[in-house]
Amino acid sequence: MSGNGYGHTFRFTTFGESHGPAIGCVVDGVPPRLPLSESDIQPWLDRRRPGQNRFTTQRQEADAIRILSGVFEGLTTGTPIGLLIENTDQRSKDYGDIRGTFRPGHADWVYQQKYGIRDYRGGGRSSARETAMRVAAGAVARAILGPGIAIRGRMVQMGPHKVAKRRSRWEHVGDNPFWCPDPQAATQWEAYLDGVRKAGSSIGGVVEVVASGVPVGLGCPVYDKLDAEIAKAMMSINAVKGVEIGAGFAAAALRGEDNADAMVPGRKKGGVRFLSNHAGGILGGLSTGQDIVVRLAVKPTSSILIPGRSVNAAGEAVEVVTKGRHDPCVAIRAVPVAEAMLACVLADALLRHRAQIG
C-alpha cells in the first residue's frame, strides 16, 4: 500500500492499525540541532486524545509518545526521527459482528475490492486512530517553524449551528470541549450533541485553522502551490469532504472589486498592507504574509447505532448496526489534526523555500 506519507523536503510516513499493537511514524528531512523531546510532542497529542469527555469516543488511550531515533541529548541529529505510540485499549470483539459485513459510509467495501483483504477491527488502516501520528509529526514541524509562526484551530459550525463572528474570540476556544470560540454557541452545541449522541446518531461540523506570522513567498508556482498543498493535506484527513481557503466558495458570489484584497503602502519601505484577506493569505500559490485561513467540512461518522442498509461478503442484503466506541461529532477531534497538517505543510514549504532562495 503506497501513499502513507506526506511532504517533499520535510516528510513523514505513518504506519499501524487501529487495533494493532502500536501506531507510529518516521519523520525525515528535519534539520539537525533543533531542541526536541517527548515532552515537546506530548501536549499536542493530549489535545487530540480520546475519552476526555462524553462528546468523544470513550476509548481510553494514553497516547504516550516514544522517540526511537533521530534525537541525541535533546537535539535532532538530522537523521530520521522514529515515533511510536502503543495501543492499549483495543476492543476488537466489538467488531466481530461486522467481520463479513460492509458498513455503509465506511471504507470497508472499497478496501476489500482493492486489496482482497481488510482489517475489520475498527477499520484497521482507514481508522482515524492513524491521525495521532499526524499530530506527533505536526509537533516536530512546529519545532522547525519556531515560535514566530502560530497555528490555531477552532470549530466554527456543528451540524446546522454556526458560531456568531461578533462573539467569537480565540481566548474562548479552550473553555469548552468543542474548541468553540463562541461561548453561547458552545452551550447550544452541548445540548444539541447530547441529543444526537443519545439517539445513537452522529453529526458533522466545520473546522477553521489559522496560521499567523507566515513569511512572504512560501510555496511553489503552478503544481506545488501552497494552497494546493494545504488542500491535499486537509483532504487526506479522515472524514474531510471539503476544503476552502480564505473566502472560499463565498468568493463565487463576489464582484471582482470586492474580492480583490486592496493594497496600500506599508510601514516599511517597499512593503504593502492589505485592506482585506479574501485570498486567505495566499496569492498565486505563494504566501502573502497575511494570516493563512483554512476551513474544512467534516462529515458525520458513519459508525452509528441506527440501523443502515448494506450488503455482506456474499452480496446479500443486510442491516448494519455499528457497535463499539465512536465520536458523535468527529469534527471535534479533527481540530488538532488539522492544525498538525497545516504545520507539516508550512514546515515543508519553509525548508523548500530556504533550499531555493536561501
Original post:
Using 7 Å Cα-to-Cβ label points, what is the Leu75/Asp291 separation (nm, one decimal)?
Top reply: 3.7
Original post:
For the range 91-167, what is the charge dipole size about the Cα centre, in debye to the nearest 20, if Lys and Arg each add +1 at the Cβ and Asp and Glu each add -1 at the Cβ?
Top reply: 480
Original post:
What does the highest-first list of 257-269, 128-140, 153-165 look like by mean Cβ count within 10 Å?
Top reply: 128-140, 153-165, 257-269
**OP:** Place a +1 charge on the Cβ of each Lys and Arg in the chain and a -1 charge on the Cβ of each Asp and Glu, then give the dipole magnitude about the Cα centre in debye, rounded to the nearest 20.
**Re:** 380
Subject >> Simple label model, 7 Å out from Cα along Cβ direction - Glu171 to Val272, nm >> reply: 3.4
Subject >> In nm, spacing of pseudo-spin labels at Lys162 and Glu86 (7 Å Cα→C-beta vector) >> reply: 4.7
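All of the numbers you see were taken from the coordinates with simple rules; none came from a lab. These numbers were taken from a predicted model, which means no experiment stands behind them. Note that we place each Cβ from the backbone using ideal geometry, even for glycine, and neighbour counts take in every protein chain shown.
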